[in-house]
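The values are calculated or read from the model by the stated rules, or taken from the named source; none is laboratory data. Predicted model, so just to flag it, every value in this text is computed and none were measured. Here the Cβ positions follow ideal geometry from the backbone for every residue, glycine too, while neighbour counts run over all protein chains shown.
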Amino acid sequence: MGELLTLQQPQATPSAHDELLFIVVHQAYELWFKLILHELSAGVEETISGAPARARHLLERVHAIERVLIEQVAVLESMSPQDFLEFRTSLAPASGFQSVQFREIEFVSGLKERGYLERLELDSEDRARLEQRLTGPTLWDGFCSLLGGRGLPMPDDDERTRRESLLRVARERQEFSDEFYLSEALLTHDELFAIWRQRHVLMVERQIGTKSGTGGTTGAAYLRSTLDKRFYPELWELRSYL
């Protein structure tokens, strides 16, 4: 515990009161990301092995953590823009965009974008981690495997067949109750992560307006471009066919 409490080292000169708040919140995010990855990785294994109830339990834990992440934004918003500007320049070139664990969460959830490996400054260990996530199975892969084992085909190259299988799960909830409630848990994970993205964008706009990000991105403009991202677009689209 003592070592953990020595990791918060403000950089600004002269010192800025709110820099410690900023550091603590972002380190806490990384700790929560670590736990989310632990649970999501186990969830992939459980779905592939045909244990939907256990996978759903792990996802519900992830939901609880994601609600904490959303509420944590309010702590950052307790800073005024003027207080943030006292130490913001000392952060460069660091940026939340560089969080490897954040990208791992996206990849294991099903949103894989190889381009991030070229856009991020990665050491060999972090690159290996992201490469492993890119080639490894996702929660969606596990869910599709689970449905296939129940006689509900989810072929990669046939969107219509996948939709028919998902519709059957939704319409025959008594027969496929485990699969249906797991699909709802996946959707909740997707929704909560989208809400966190939205809260994060608003917080950034509240702090820096339209300024560029410290890591070289366009700041809030870049973050707004990510708001339409979804892990499970087929589960969202399914509502239109019920």
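Pick out the one residue from L147, L192 that is crowded, with 16+ Cβ neighbours inside 10 Å, hydrophobic (A, V, I, L, M, F, W, C) and under 30 Å from E77 (Cα atoms).
Details: L147 fails: under 30 Å from E77 (Cα atoms).
The unique qualifying residue is L192.
Working only within segment 1-36, note down all residues that are surrounded by 11 or more Cβ atoms within 10 Å (Cβ to Cβ) and part of a loop (DSSP other than H, G, I, E, B).
Across segment 1-36, the qualifying residues are Q8, P10, Q11, A12, S15, A16, H17, D18.
Kindly indicate whether any position in segment 13-22 is under 22 Å from Y222 (Cα atoms) and either touching a helix residue (DSSP H, G or I) at 6+ places or on another chain (Cβ under 8 Å) or of a type outside the set (K, R) (or both). Full working, then the answer.
Our first condition is that a residue be under 22 Å from Y222 (Cα atoms); within segment 13-22, this holds for 22.
Checking which are either touching a helix residue (DSSP H, G or I) at 6+ places or on another chain (Cβ under 8 Å) or of a type outside the set (K, R) (or both) leaves us with 22.
Checking segment 13-22: at least one residue is under 22 Å from Y222 (Cα atoms) and either touching a helix residue (DSSP H, G or I) at 6+ places or on another chain (Cβ under 8 Å) or of a type outside the set (K, R) (or both).
Looking at segment 37-82, which of the residues that are free of Cβ contacts under 8 Å to residues at least 60 places away in the same chain and over 20 Å from the mean Cα position of the chain (by Cα) is surrounded by the most Cβ atoms within 10 Å (Cβ to Cβ)? Reasoning before the result, please.
Here is the first cut: in segment 37-82, the ones free of Cβ contacts under 8 Å to residues at least 60 places away in the same chain are 38-39, 42, 49, 51, 54, 57-58, 61, 64-65, 68, 71-72, 74-75, 78, 80, 82.
The next check asks that each one be over 20 Å from the mean Cα position of the chain (by Cα); those that pass are 49, 51, 54, 78, 80, 82.
Working: S49: 14, A51: 18, R54: 16, S78: 10, S80: 12, Q82: 8.
Of everything passing the filter in segment 37-82, A51 is surrounded by the most Cβ atoms within 10 Å (Cβ to Cβ).
Looking only at helices (runs of 4 or more DSSP H) that lie completely in segment 116-203, which have at least 1 residues being under 20 Å from the mean Cα position of the chain (by Cα) and on the phi > 0 side of the Ramachandran plot? I'd like the intermediate steps shown before the answer.
Values: elements: 124-135, 139-149, 159-171.
By residue number, no helices (runs of 4 or more DSSP H) qualify.
Restricting attention to segment 1-31, which residues are of a type in the set (S, T, Y) and either within 22 Å of F102 (Cα to Cα) or under 27 Å from the mean Cα position of the chain (by Cα) (or both)? First the steps, then the outcome.
If we filter segment 1-31 for residues that are of a type in the set (S, T, Y), which is where we start, we get 6, 13, 15, 29.
If the condition is that a residue be of a type in the set (S, T, Y) and either within 22 Å of F102 (Cα to Cα) or under 27 Å from the mean Cα position of the chain (by Cα) (or both), then Y29 is the only one that fits.
Among the residues of segment 83-110, which ones are surrounded by fewer than 19 Cβ atoms within 10 Å (Cβ to Cβ) and part of a loop (DSSP other than H, G, I, E, B)?
If the condition is that a residue be surrounded by fewer than 19 Cβ atoms within 10 Å (Cβ to Cβ) and part of a loop (DSSP other than H, G, I, E, B), then E86, A92, P93, A94, S95, S99 are the ones that fit.
Within segment 220-229, can one find any residue that is acidic (D, E), in a loop (DSSP other than H, G, I, E, B) and modelled with pLDDT under 95? So that I can check it myself, show each step before the final result.
As a first pass, look at segment 220-229 and keep what is acidic (D, E): 228.
When the remaining residues are screened for being in a loop (DSSP other than H, G, I, E, B), the result is 228.
Add one more test, that the residue is modelled with pLDDT under 95, and what stays is 228.
Checking segment 220-229: at least one residue is acidic (D, E), in a loop (DSSP other than H, G, I, E, B) and modelled with pLDDT under 95.
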